Amino acid sequence: MVHSTDSKGNFGQMMDCPMLISTIISSAARHHPQCQIVSKSGEGDIHRYSTQDLQLRAKKLAQSLQKLNLQQGSRVATLAWNGYRHLEIYYGVSGSGLVCHTINPRLFSDQIAYIIQHAQDEVVFFDMSFLSLIETLAPLCPSVKYWVCLIHPSHQPQSSLTLLNYEEFIAAENGQYEWPLLDERSASSLCYTSGTTGNPKGALYSHRSTVMHSYATALPDSLCLSAMDIIMPVVPMFHVNAWGLPYSALVVGAQLVFPGSKLDGQSLYELIESEKVTLSAGVPTVWAGVLQHMKTHDLRFTNFKRVLIGGSACPPAMMQTFAQYGVEVIHAWGMTELSPIGTVARLRATDVYKTAVEQEKILQKQGRVIFGVDMKIVDDQHQELPHDGVAFGDLYVRGPWVIDQYYKALDHALVGGWFPTGDVANIDAEGNMQITDRSKDVIKSGGEWISSIDIENIASGHPEVMMAACIAIAHPKWDERPLLVIEKKPNHQLSDQELKAQLLKYFEGKIAKWWTPDDVVFVEKIPLTATGKMQKLKLREQFKDYQLPTI
Ligand code: AMP
């Protein structure tokens, strides 16, 4: 590292304030004291308090944790839905110098046990709905010394395990606690990838990476967050820190609304309306449920203005439906290893002169990098490919909130200083990136790649299609050909044969003819991963012996 100093060897003369997660909460409590945090419990009742209450309880938690004599950097885990106690753990654990390890409860229990043991979690905070999971996990997780139930003591159930109660755990403390001045590069939080192949791998975030990600994602050309917003993260707090919203919302002084465990269309719609939510965030499958509920009951939004969609490609038809309801879709791309946000689809001044269709096409892509992240696409020899919107290759990224190394891995995760994302993309001359596939999902037909995402996006535009997955099927002549797997909407009218005929026609003029799927099959439910993505690996296994019709 080169240090630039003046002739007397002085560095710049600005205060050296480390970027710490505790500064987010102390600033919010001090400068946005009226800012509300609203949480819906599993039973449906609503809890409200202010950022000051949040900080007081987070400090009490920090005091209680201190008494457990954990080392700085020890891992303290959560198995919990989005709610105020989970938020207190985010701040109380990281703020006091421990590592907040959020675990995805939708993973298989042996994967969760593996994660807990790999991380050597010493304390696990859990929501009541995961009690039986905890009872299964406890014998497999000797590292855990304390299991703490996130519920009012009067509702805590009997268990064969020795459980602590969160409210009792923090009750004895007075909140007179100074957040420690940590090195900003200290580890703050830990999140494991969903691990569709092999064991899950941990991304260990730092205070610095988290605060920088919060600044960058709040910018106008990112999520454009402000104190005028009421933000409801539907994306779980166990999935890459709810895309950073529990931090970035407090950075700008926005209100937070947490939906708890009920993530069905009706519950989310009702909470958006009753709490006057202006912005929300989640994967496309969640929003499909909300839109279906609204259509069935002929409903409208009142205050809801923007929805951040990522995790999987947002189908253009979903964007159009949201637009009809007066809601702007912000399409973003990222991953666990990127804290998670890397790119956001936004227009720029020169796009104003483009046609509405051209503008829509830009907004349907995965977007431009936000400042801090750099990206490139490369060929099989890691040679950079041009940004011409045509060439596509492996997407590589780098930046201060991009992983350098997986947790406890022996070697770096980088190739020549860049992180290979495992996604395949093109980048146009204006810097708009478009994911065409996950590299393991690409379909290679006659040596040429077919974008499964393009095909899925078109098929999802059909009014009777709930979800569409396009997978590769082995083919004697072309190596692989696309098969389209469809989950129909619950109230569908067409027969399988009718819908198949319409879908095959639907592709005409929209994609090259040879991209058209060779066949369409129907399934009751498309399997989803623990983070709500289509499980194409499972579909490929299910259809591995499928005989495509000879065309
Ligand atoms: P995760 O680490 O579970 O958040 O998954 C990250 C992966 O999700 C990325 O590498 C992409 O394959 C996929 N992904 C995330 N956002 C998008 C998006 N907007 N469009 C397409 N794929 C996405």
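The values are calculated or read from the model by the stated rules, or taken from the named source; none is laboratory data. Small disclaimer: the values here were computed from a predicted structure and weren't measured. Backbone-built Cβ (ideal geometry, glycine too); neighbour counts: all protein chains shown.
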Report yes if some residue within the range 370-391 is modelled with pLDDT under 95, small (Gly, Ala, Ser), closer than 24 Å to residue 207 by Cβ and surrounded by 14 or more Cβ atoms within 10 Å (Cβ to Cβ); otherwise report no.
no
Within 12 Å of the ligand (Cβ to nearest atom), in contact (Cβ under 8 Å) with a residue 24 or more places away in the chain, under 23 Å from the mean Cα position of the chain (by Cα) and under 30 Å from residue 405 (Cα atoms), is that true of residue 318?
no
Any chance residue 260 is crowded, with 23+ Cβ neighbours inside 10 Å, farther than 19 Å from residue 327 by Cα and either touching a Lys or Arg at 6+ places or on another chain (Cβ under 6 Å) or aromatic (Phe, Trp, Tyr) (or both):
yes
Name the single residue that is farthest from the ligand (Cβ to nearest atom) among those in the range 288-301 being modelled with pLDDT of 95 or more and within 25 Å of residue 346 (Cβ to Cβ).
301
Quick one: count up the residues across the range 321-342 that are touching a Leu at 6+ places or on another chain (Cβ under 6 Å) and polar (S, T, N, Q).
1
Could you tell me whether any residue of the range 45-58 is more than 30 Å from residue 274 (Cα to Cα) and of a type in the set (S, T, N, Q)?
no
Checking the condition of a type in the set (Lys, Arg) and closer than 24 Å to residue 200 by Cα, which residue from 67, 145, 60, 40 passes?
145
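Need a quick list: strands (runs of 3 or more DSSP E) entirely within the range 452-551 having at least 1 residues that are closer than 22 Å to residue 320 by Cα and either basic (Lys, Arg) or touching a helix residue (DSSP H, G or I) at 6+ places or on another chain (Cβ under 9 Å) (or both).
465-475, 479-488
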Residue among 98, 107 that is closer than 17 Å to residue 144 by Cβ, touching a residue at least 60 places away in the same chain (Cβ under 8 Å), in contact with a Gly (Cβ under 8 Å, 6 or more places away or on another chain) and crowded, with 17+ Cβ neighbours inside 10 Å
107
Enumeration of residues in the range 36-63 that are closer than 15 Å to residue 83 by Cβ and in a strand (DSSP E or B)
36, 37, 38, 39, 40, 46, 47, 48, 49
The strands (runs of 3 or more DSSP E) lying wholly within the range 187-265 that contain at least 1 residues that are of a type in the set (A, V, I, L, M), within 27 Å of residue 72 (Cβ to Cβ) and within 16 Å of the ligand (Cβ to nearest atom) are 187-192, 202-206
Near pairs, Cβ below 7 angstrom, 6+ apart or cross-chain, from the range 1-28 (under 15 Å from residue 91 (Cβ atoms)) to any residue that is assigned to a loop (DSSP other than H, G, I, E, B) and of a type outside the set (Phe, Trp, Tyr)
19/184; 20/182; 20/184; 28/35; 28/253
Neighbours by Cβ (under 6 Å, 6+ apart or cross-chain): first from the range 257-270, under 24 Å from residue 228 (Cα atoms) and in contact (Cβ under 8 Å) with a residue 24 or more places away in the chain; second surrounded by 19 or more Cβ atoms within 10 Å (Cβ to Cβ) and among the basic types (Lys, Arg)
259/40; 260/40
Just one of (1) in contact (Cβ under 8 Å) with a residue 12 or more places away in the chain; (2) of a type in the set (A, V, I, L, M, F, W, C); (3) out of contact with any Asp or Glu (no Cβ under 7 Å at 6 or more places or on another chain) trips up residue 424, so point out which.
(3)
Of the residues in the range 323-342, how many are within 11 Å of the ligand (Cβ to nearest atom) and among the hydroxyl-bearing types (Ser, Thr, Tyr)?
2
Being among the charged types (D, E, K, R), within 12 Å of the ligand (Cβ to nearest atom) and under 30 Å from residue 416 (Cβ atoms) narrows it down to one of 376, 365, so name that one.
365
Can you tell which of 285, 343, 302 is of a type in the set (Val, Ile, Thr) and surrounded by fewer than 16 Cβ atoms within 10 Å (Cβ to Cβ)?
302
What's the number of the only condition in (1) in a helix (DSSP H, G or I); (2) surrounded by fewer than 24 Cβ atoms within 10 Å (Cβ to Cβ); (3) touching a helix residue (DSSP H, G or I) at 6+ places or on another chain (Cβ under 8 Å) that residue 33 fails to meet?
(1)
Within the range 39-46, identify whether any single residue is in contact with a Lys or Arg (Cβ under 7 Å, 6 or more places away or on another chain) and among the polar types (S, T, N, Q), and answer yes or no.
no
Within the range 365-424, take every residue that is within 18 Å of the chain's Cα centre (by Cα) and among the polar types (S, T, N, Q) and give me the one that is farthest from residue 314 (Cα to Cα).
421
Taking only pairs six or more apart or across chains, which ones have beta-carbon atoms under 6 Å, a first residue in the range 521-534 that is under 20 Å from residue 237 (Cα atoms), and a second residue that is within 10 Å of the ligand (Cβ to nearest atom) and of a type outside the set (Phe, Trp, Tyr)?
529/194; 530/104; 530/194; 531/194; 531/239; 532/283; 533/312
